[in-house]
């Protein structure tokens, strides 16, 4: 039998108090009555309230909302880096589709009109000796490498050509970190422990894969595509009027506390590039190591 407490000014027939005295209920203390309905003995109470959703659904919805908000904020704050990554992927896809289409097209044989070239002998061509120095200079400049006036690094795979910035060392780690962060505003930083390129040791370079969107530096995402570099790729270092070419021999991910990447080998000349990974975080470090193969 179901009873509901309520404040009812006047009880109609069919209602009774908790003492069961007659059809016309009698007032209880402070005007409280018990309402009895036979139909509620057979059915459940329904007062128009929605059934409560299970806890696991609420927890799942909460996690989804937090993840969505975090992902959106992460992309906005690292827009420059993610834009580079998206553009690189699109261009790579376009290139792959283009080459596949070219391979599918059957070659068409065409008649080629061959023209006979009339070549003059060298003696006749350079009969006038006054032209000889000019042509020698032309040939010399044609084979001469044009080097930038400043120190730079070139990574053809990801189309990056960035200034190399040196920073002063410091015995206190926090001050050294500030020096490096200031240097990263102008390019990628050559770590103070580095050996010069071309000699035995480790030429260590670090750069941002992404940084705060409000930072004023122009190079806060220069290494956003460093993870696209592949084994055997060539990386060029322009340093003090010389070009040093390194070939990638190792790619790895290490913890931020891993200091062995700064080690100086005594039997070979290597280049080490390091940046944060995944992009937009400082969880780990992506390390690319190259071996010196050519000096010009």
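The values are calculated or read from the model by the stated rules, or taken from the named source; none is laboratory data. What you see is a predicted model, and the numbers here were worked out from it, not measured in a lab. Please note: Cβ atoms are built from the backbone with ideal geometry, for glycine as well, and neighbour counts cover all protein chains shown.
Screening 187, 207 for residues that are within 20 Å of the chain's Cα centre (by Cα), buried (at least 21 other Cβ atoms within 10 Å of the Cβ) and touching a residue at least 60 places away in the same chain (Cβ under 8 Å) leaves exactly one candidate, 207.
Among all positions in region 207-230, there is no residue which is in a strand (DSSP E or B), at pLDDT 95 or above and farther than 22 Å from residue 267 by Cα.
Would you please name the residue that is modelled with the lowest pLDDT, looking only at residues in region 147-174 that are assigned to a loop (DSSP other than H, G, I, E, B) and closer than 18 Å to residue 246 by Cα?
Of all residues in region 147-174, those assigned to a loop (DSSP other than H, G, I, E, B) come to 147-151, 159, 167-172.
Okay, now just the ones that are also closer than 18 Å to residue 246 by Cα, so 147-148, 151, 159.
Working: 147: 81, 148: 85, 151: 96, 159: 93.
Per the stated criteria, the residue is 147.
Selection of region 254-277 for residues being in contact with a helix residue (DSSP H, G or I) (Cβ under 9 Å, 6 or more places away or on another chain) and free of Cβ contacts under 8 Å to residues at least 40 places away in the same chain yields only 254.
Here is a yes/no grid of residues against (1) farther than 17 Å from residue 194 by Cβ; (2) in a helix (DSSP H, G or I); (3) within 19 Å of the chain's Cα centre (by Cα); (4) at pLDDT 95 or above:
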{"site": "232", "(1), (2), (3), (4)": "yes, no, no, yes"}
{"site": "237", "(1), (2), (3), (4)": "no, no, no, yes"}
{"site": "257", "(1), (2), (3), (4)": "yes, no, no, no"}
{"site": "275", "(1), (2), (3), (4)": "no, no, yes, yes"}
{"site": "291", "(1), (2), (3), (4)": "no, no, no, yes"}
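Listed by first and then second residue, the pairs linking a residue in region 56-72 that is without any contact (Cβ under 8 Å) to a residue 60 or more places away in the chain to a residue that is loosely packed, with under 10 Cβ neighbours inside 10 Å, with Cβ atoms under 9 Å apart and 6 or more places separating them unless they lie on different chains, are 61/53.
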